[in-house]
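Report on the structure given below.
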Amino acid sequence: MPKKLDKNENLTIRGHLTISAFRGGRLVRKRGPFPNKVVMSSGYGRNIVARQLAGDTTYPIEIDSASVGDDNTAPADGNTDLGNALVTDIPITNKSAVNAVITVDVFVADGNLPDDIYEEFGLYCDGRLFSRIIISPAYTKASGEDTLFTYELTLT
């Protein structure tokens, strides 16, 4: 019979999102942190990690894009996309991993992110949702502002 895992031996994947708004290169406001949900459905989120660890490379594990939307329905394991994506396939600006913390930056210039109210954010691995975050209270993007979405994912 396999040994029961001690509670300190469990792998946890969690993270949070911080949103920074800039005008003329100057920080004008910062929001967050907003906690995330790393989803768990076949071929999405935590399932991609498990498959990769088992040698199944069917689905790429690299986080390579983001999307933002305006649906504030609570994230769930079964999510395979945002509730109502408004801007999709936003490229990742920078990624780094230090010890067990992965930092992903998504910088969107003023002209590439419409002035709107955003209530959800998602990260994707080759078009497959990895994590979904509800932005509450909502982020209102104003004219003339560049936006930096910084996501920190911690494995413990």
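Per residue, how much accessible area does the chain show when a 1.4 Å probe rolls over the protein heavy atoms, in square angstrom? The partial results should precede the final answer.
On the way: 8330 Å² over 156 residues.
Computed with neighbouring chains in place, this is 53 Å² per residue.
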### Label corresponding to mean projected area of the Cα convex hull in nm² when calculated from the structure given, among [x] 9.7; [y] 10.2; [z] 9.2
[y]
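At R0 = 35 Å, how high is the FRET efficiency between Ile117 and Ser41 if r is their beta carbon distance? Nearest 0.05 is fine. Don't skip to the end; give the middle numbers.
Working: r = 27 Å, r/R0 = 0.78.
For Ile117 and Ser41, the calculated efficiency is 0.80.
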### Query
Based on DSSP H runs of at least 4 residues, each adding -39500 (n - 2.57), what is the mean residue ellipticity at 222 nm of the chain after dividing by all its residues, to the nearest 500 deg cm²/dmol?
-1500 deg cm²/dmol
### Task
Subtract the Cα-Cα distance of Ser136 and Ser96 from 0.36 nm times their separation in residues, and report this length gain in nm to one decimal.
11.8 nm
#### Entry: Estimated distance in nm for a label pair at Thr18 and Thr58, the labels positioned 7 Å out from Cα along Cα-to-Cβ
3.8
### Query
Of all the accessible heavy-atom surface of segment 93-156, with the other protein chains kept in place and a 1.4 Å probe, what percent is carbon and sulfur?
53
### Query
Straight-line reach from Lys37: which aspartates and glutamates have Cα under 20 Å away, leaving out those fewer than 8 places along the same chain?
Glu62, Asp64, Asp70, Asp71, Asp77, Asp81, Asp89, Asp105, Glu119, Glu120, Asp126, Glu152
### Query
To the nearest 0.05, what FRET efficiency results for Val87 and Arg31 with a Förster distance of 22 Å applied to their C-beta separation?
0.80
### Message
Please report the net charge: other residues with Cβ closer than 10 Å to the Cβ of Val68, K and R +1, D and E -1.
### Response
-3
### Summary
Protection proxy (average C-beta count within 10 Å per residue), highest first, orders 48-54, 133-139 as 133-139, 48-54
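The values are calculated or read from the model by the stated rules, or taken from the named source; none is laboratory data. These figures come from a predicted structure and were not determined experimentally. Quick reminder, even Gly has a Cβ in these numbers, built from the backbone with ideal geometry, and neighbours come from all protein chains shown. Heavy atoms of the whole protein, side chains included, go into the accessibility calculation; ligands, DNA and RNA do not. Shrake-Rupley method; radii C 1.70, N 1.55, O 1.52, S 1.80 Å.
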